[in-house]
Amino acid sequence: MALIDVDCFSQVLGMSVNIRLILPQRLEIENPVNGGHFTPPYPVLYLLHGYNGDHTVWTRRTSVERYASDKGIAVVMPAAHLSFYTDMGIGFRYWTYISEELPKICRDLFPQITEDPMQSFAAGLSMGGYGAFKLGLAYPERFRAVASLSGALDVASMLERMKGEPDFDPNGVFYSIYGGQEIRGSENDLFALAKRATEEGKSLPRMYQWCGKQDFLYQDNLRIKNYLQNLGADLIYEEEDGDHQWKYWDQGIEKVLLWIQSILGETA
């Protein structure tokens, strides 16, 4: 495997952006540490960071590079800053960048990465879990499966709770993200996106969801889990004791990669 940091230009954002990739490497020798014997085009996982994270945080806080080394999957980790994977009300069009421009940049710079939706996946933690489910529900035809670890999956409910917190600033980051607009029923509401996709007759991607039972987002996760299952989504839901921290996400991303590997092993 190769670990690559890319500094390139985003036309959507109008500025330079940072992307970290784990890329399979074709080797002619047996080398279990660094993988090998993988043939392009490579399946791709867009792996999204959480609030306060960046393009480096997955490799700094977990063993994702090691977990991916024997699977032949390209892992793309972009920086989306404090955007909540949204075209911000007061800020930058990060949703358009992540959902539209990023795959084109990656395929242009790394043509060995697949364009096949049946080999395309998204996953993330917390804010990134929201982003991954948003990709899968907004564009179900582009992704075979998506995964969320401790996802902030019901943003409207989360913000309603935060309004009662002493440190919540109504004119701060979340105002910049949403511009004071209503989230429920909007393109930033996962419930609305799932309903719209099913009403349009689209098949939702396969979904994996994990959350700790002591996580402050636990009830939000239960709410959307029940909603998606009632819509008939192919959803694996897992929970266990745990809160909102990296030791669970390290274990979780290994599970997610194994899950993706098992899906790729099935017939398309």
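The values are calculated or read from the model by the stated rules, or taken from the named source; none is laboratory data. Predicted model only: the values in this text are computed from it and were never measured. Every residue, glycine as well, gets a Cβ built from its backbone with ideal geometry; the counts of neighbours run over all protein chains shown. These accessible areas exclude ligands, DNA and RNA; they are computed on the full protein's heavy atoms, side chains included. Shrake-Rupley method; radii C 1.70, N 1.55, O 1.52, S 1.80 Å.
Of note:
- Per-residue ellipticity at 222 nm, computed for the chain from helices alone with -39500 (n - 2.57) per DSSP H run of at least four residues, works out to -9500 deg cm²/dmol.
- Orientation-averaged projected area, Cα convex hull of the stretch 165-236 (nm²): 6.2 nm²
- Convex hull of the stretch 93-133 built on C-alpha atoms - directionally averaged projected area, nm²: 3.2 nm²
- Ellipsoid fit via the Cα gyration tensor, the stretch 1-84: semi-axes of 26, 14, 9 Å, each the root of five times an eigenvalue, largest first.
- Solvent exposure of the stretch 102-188 amounts to 41 Å² per residue of accessible area, where only protein heavy atoms count and the probe is 1.4 Å.
- Subtracting the Cα-Cα distance of residue 203 and residue 54 from 0.36 nm times their residue separation leaves 50.5 nm of extension gain.
- Over the stretch 88-155, relative contact order from alpha-carbon pairs under 8 Å, at least 6 apart, %: 28 percent
- Estimated distance in nm for a label pair at residue 227 and residue 163, the labels positioned 7 Å out from Cα along Cα-to-Cβ: 1.7 nm
- Compactness ratio for the stretch 79-208: Cα radius of gyration over 2.2 N^0.38 Å (N = residue count) comes to 1.09.
- Debye log10 I(q)/I(0) at q = 0.12, 0.22 Å⁻¹ for the stretch 39-124, Cα point scatterers: -0.37, -1.13
- The label point for residue 90 and the one for residue 118, both projected 7 Å from the Cα toward the Cβ, are 4.8 nm apart.
- Expressed as a whole percent, the accessible surface of the stretch 185-241 that belongs to carbon and sulfur atoms is 42, based on a 1.4 Å probe.
- Stretchable slack from residue 173 to residue 216, in nm (0.36 nm times residue separation minus alpha-carbon distance): 13.5 nm
- Accessible surface of the stretch 81-171, 1.4 Å probe, proportion on carbon and sulfur as whole %: 52 percent
- Fraction of antiparallel bridges per DSSP, the chain only, in percent to nearest 5: 35 percent
- Between residue 196 and residue 234, the simple label model (points 7 Å from Cα in the Cβ direction) yields a spacing of 2.4 nm.
- Relative contact order [Cα under 8 Å, 6+ residues apart], the chain, whole percent: 17 percent
- A viscosity of 1.002 mPa s and a temperature of 20 °C, combined with the Kirkwood radius over Cα pairs in Stokes-Einstein, give a translational diffusion coefficient for the chain of 114 µm²/s.
- Magnitude of the charge dipole, the chain, Cβ model with Lys/Arg +1 and Asp/Glu -1, debye to 20: 200 debye
- Dipole magnitude of the stretch 146-268, debye to nearest 20 (Cβ charges: Lys/Arg +1, Asp/Glu -1, about Cα centre): 320 debye
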